[in-house]
Amino acid sequence: MTSILVLNGPNLNLLGTRQPEIYGHTTLADVEAMSIEHGKARGVDVVCAQSNHEGALVSHIQDARGTHAGIVLNAGAYTHTSIAMMDAIKGAEMPTVELHLSNVHAREEFRHKSFIAPVAIGVIAGFGANGYKLAIDALLGFLETR
């Protein structure tokens, strides 16, 4: 069975309580359970990880090579700052879908720049927790056409 990594970055451990008016009331545990269940329905194993530390996220990306077929990545604020994560995706040659719960283009100007997007196969933003299902489907669709 194919396996994909759903990787969440800084502050996503606070989902459900941090700025619910922007990010909603769904917790990270809810998102992970929903992602795993959606993966099962699609015939794929979903492995979830979260870290607030950039280096740990880079290690997860590097370690995904040879283990997972692709990555769904909500890099949080590191989306807008992390050249290291961009380089890890390039180096690992992992098909990656960039994901955001909110529509980053309707928010502050600094959120409009992504270091992940140039190395991602696509970007999903603004659909809340449902974006994880959309990202899994998009990644699987990409993998099926390879």
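Only the Cβ atoms of Lys and Arg (+1) and of Asp and Glu (-1) were treated as charged; on that basis the dipole of the chain about its Cα centre amounts to roughly 120 debye.
Normalised by 2.2 N^0.38 Å, where N is the number of residues, the alpha-carbon radius of gyration of the chain equals 0.95.
Here is the list for the range 50-137: GluC sites (Glu not before Pro) lying in DSSP coil, each with at most 15 other C-beta atoms within 10 angstrom of its C-beta, are Glu93, Glu108. Annotation: peptides 57-68, 20-31, ranked by per-residue average of other Cβ atoms within 10 Å with the highest first, follow the order 57-68, 20-31. Stokes-Einstein diffusion for the range 18-103 at 25 °C, viscosity 0.890 mPa s, with a Kirkwood radius from C-alpha pairs, works out to 176 µm²/s.
Just so you know, all these numbers are worked out from the coordinates, no wet-lab data involved. As the structure is a computational prediction, the values presented were derived from the model and not from experiment. Counting neighbours? That spans all protein chains shown, and the Cβs are built from the backbone with ideal geometry, glycine included.
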